[in-house]
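Undergrad: First the structure, which I've put down as structure tokens, then a few questions once you've had a look.
The values are calculated or read from the model by the stated rules, or taken from the named source; none is laboratory data. Everything numeric in this text was worked out from a predicted model, so none of it was measured. Because the Cβ atoms are built from the backbone with ideal geometry, glycine has one as well, and the counts that use them run over all protein chains shown. The accessibility values were calculated without ligands, DNA or RNA, using every heavy atom of the protein model including side chains. Shrake-Rupley method; radii C 1.70, N 1.55, O 1.52, S 1.80 Å.
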Amino acid sequence: MAENRTFTMIKPDAVEKGHIGAILEQITASGFRIVAMKLTQMTRRDAEKFYEVHSERPFYGELVEFMSRGPIVAAILEKENAVEDFRTLIGATNPEDAAEGTIRKKYAASVGENAVHGSDSDENAQIEGAFHFAGREMF
Ligand code: UDP
Ligand code: MG
């Protein structure tokens, strides 16, 4: 995957609350092109694998439970400087610390149930995109 791409998920909390449309609107209005997208649900095992890097953290069990409890929107996004610009658009992990107008500030309930995921590096964007999508699902 090119370096101008990132990977996102609209997490189960935001899907449950009906925020898919508003969040996608903010993403595309901010200049990101949708390369791949689907409504899907991670199994417990999928969530364990996706967040394996956090397996020693105290919140891991809760995170796996949360991320597999309902459908998510998974997407690959393209824009110049995609990883960094998308992290700016979503805001800090804890919505209490997130800047005004960011997606997490507007839609996240807590540091755990924080509405959206955004990759933290080009390398992880590539790994995470490939976790959810086959090459022929990327446009
Ligand atoms: N998380 C949590 N408690 C914490 C920190 C993180 O439940 O104290 C969850 C939260 O859903 C977060 C995810 O674990 O989005 C991954 O954490 P990370 O530190 O990678 O934050 P992110 O990159 O998503 O901002
Ligand atoms: Mg992270």
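Undergrad: Among the residues of segment 97-121, which ones are more than 10 Å from ligand 1 (Cβ to nearest atom), surrounded by 15 or more Cβ atoms within 10 Å (Cβ to Cβ) and more than 14 Å from the chain's Cα centre (by Cα)?
TA: Start the filter on segment 97-121 by keeping residues that are more than 10 Å from ligand 1 (Cβ to nearest atom), which leaves 97, 99-103, 105-107, 109, 121.
Subset that is surrounded by 15 or more Cβ atoms within 10 Å (Cβ to Cβ): 102-103, 105-107.
If the condition is that a residue be more than 10 Å from ligand 1 (Cβ to nearest atom), surrounded by 15 or more Cβ atoms within 10 Å (Cβ to Cβ) and more than 14 Å from the chain's Cα centre (by Cα), then LYS105, LYS106 are the ones that fit.
Undergrad: Residues that are among the β-branched types (Val, Ile, Thr) and either in a loop (DSSP other than H, G, I, E, B) or within 16 Å of ligand 2 (Cβ to nearest atom) (or both): does segment 23-38 have at least one? Before you say what the answer is, go through the steps one by one.
TA: We begin by selecting, within segment 23-38, every residue among the β-branched types (Val, Ile, Thr); these are 23, 27-28, 34-35.
Retained after the next criterion (residues that are either in a loop (DSSP other than H, G, I, E, B) or within 16 Å of ligand 2 (Cβ to nearest atom) (or both)): none.
The answer is no, given that none of the residues of segment 23-38 is among the β-branched types (Val, Ile, Thr) and either in a loop (DSSP other than H, G, I, E, B) or within 16 Å of ligand 2 (Cβ to nearest atom) (or both).
Undergrad: Considering LEU89, LEU77, LEU63, which residue is touching a Ser or Thr at 6+ places or on another chain (Cβ under 9 Å), open to solvent by less than 40 Å² (accessible area, probe 1.4 Å) and outside any strand (DSSP E or B)? So that I can check it myself, show each step before the final result.
TA: On the way: LEU77 fails: outside any strand (DSSP E or B); LEU63 fails: touching a Ser or Thr at 6+ places or on another chain (Cβ under 9 Å).
The conditions single out LEU89.
Undergrad: Please name all residue pairs, on different chains or six or more residues apart, with Cβ atoms under 8 Å, provided the first residue is in segment 70-96 and is more than 12 Å from ligand 1 (Cβ to nearest atom) and the second residue is acidic (Asp, Glu) and part of a helix (DSSP H, G or I).
TA: GLY70/GLU16; LYS79/ASP85
Undergrad: OK, next. Taking GLN41, is it polar (S, T, N, Q), in contact with a Gly (Cβ under 8 Å, 6 or more places away or on another chain) and open to solvent by 10 Å² or more (accessible area, probe 1.4 Å)? Steps first, answer last, please.
TA: Values: polar (S, T, N, Q): yes; in contact with a Gly (Cβ under 8 Å, 6 or more places away or on another chain): yes; open to solvent by 10 Å² or more (accessible area, probe 1.4 Å): yes.
The answer is yes for GLN41.
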